[in-house]
1. Between Arg73 and Glu88, with labels modelled 7 Å along Cα→Cβ, what's the label distance in nm to one decimal, could you check?
2. Could you work out [θ]222 nm for the chain from helices alone, using -39500 (n - 2.57) per DSSP H run of at least four and dividing by all its residues? Round to the nearest 500 deg cm²/dmol.
3. From the P(r) of region 16-59, can you give the percent of Cα pairs sitting at distances over 12 Å?
4. Please compute the per residue accessible area over region 1-94 with all protein chains in place, 1.4 Å probe, rounded to a whole number of Å².
5. Please compute the modelled spin-label separation between Asn42 and Ala18, points set 7 Å along Cα→Cβ, answer in nm with one decimal.
6. What net charge do the residues around Ser93 carry, taking every other residue with its C-beta under 13 Å from that of Ser93, with Lys and Arg at +1 and Asp and Glu at -1?
7. Could you size up the charge dipole of the chain around its Cα centre, putting +1 on the beta carbon of Lys and Arg and -1 on that of Asp and Glu, and report it in debye to the nearest 20?
8. Quick one, which of [x] 1.09; [y] 0.98; [z] 1.06 is the actual Rg/Rh (Cα atoms, Kirkwood Rh) calculated for this model?
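The values are calculated or read from the model by the stated rules, or taken from the named source; none is laboratory data. If you're wondering where the values come from, they're calculated on a predicted model, not measured in any experiment. With ideal geometry, Cβ positions are generated from the backbone for all residues, glycine too; neighbour counts draw on all protein chains shown. Side chains included, ligands, DNA and RNA excluded: accessible areas come from the protein's heavy atoms. Shrake-Rupley method; radii C 1.70, N 1.55, O 1.52, S 1.80 Å.
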Amino acid sequence: MTTPRMLKVNSILREVLAEEVEKLSDSRLELVSITGVDTAPNLRRAVVYVDALSDDNEAVLAALRSAGPRLQRSIGRQVRLKYTPVLEFEIDSGVVAGGRIEQILRELNPGEEE
């Protein structure tokens, strides 16, 4: 069960991370969006969900992992929490599944335009 406090923490972390990822100069992160954050109740870990328009998701994840310490420092400076969570990055499966469903629907109705 997610409490209102944890929803607020997740929202704030998502905003901070989205701003900081925009500032990174890594070319692998040009078309990356932070879609959500799921922080553990003890604030020790946070899973950051990302969506990338790039075809190479592993390169995006590698770039985010290498930038992880910098992103954690940014959280520590901007957000007042008991602990600064260790960040783990994952591709948002909801976005991937939604894209797959949209592709299937287009194949079923090839003559229909949006």
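1. So the label points at Arg73 and Glu88 sit 2.5 nm apart.
2. On the way: 3 runs with 58 residues, N = 114.
So the helix-based figure for the chain works out to -17500 deg cm²/dmol.
3. 64
4. Ligands and nucleic acids excluded, the result is 61 Å² per residue.
5. The modelled label-to-label distance comes out at 3.0 nm.
6. Charge balance near Ser93 sits at -3.
7. With only Lys, Arg, Asp and Glu charged at Cβ, the dipole is about 1220 debye.
8. [z]
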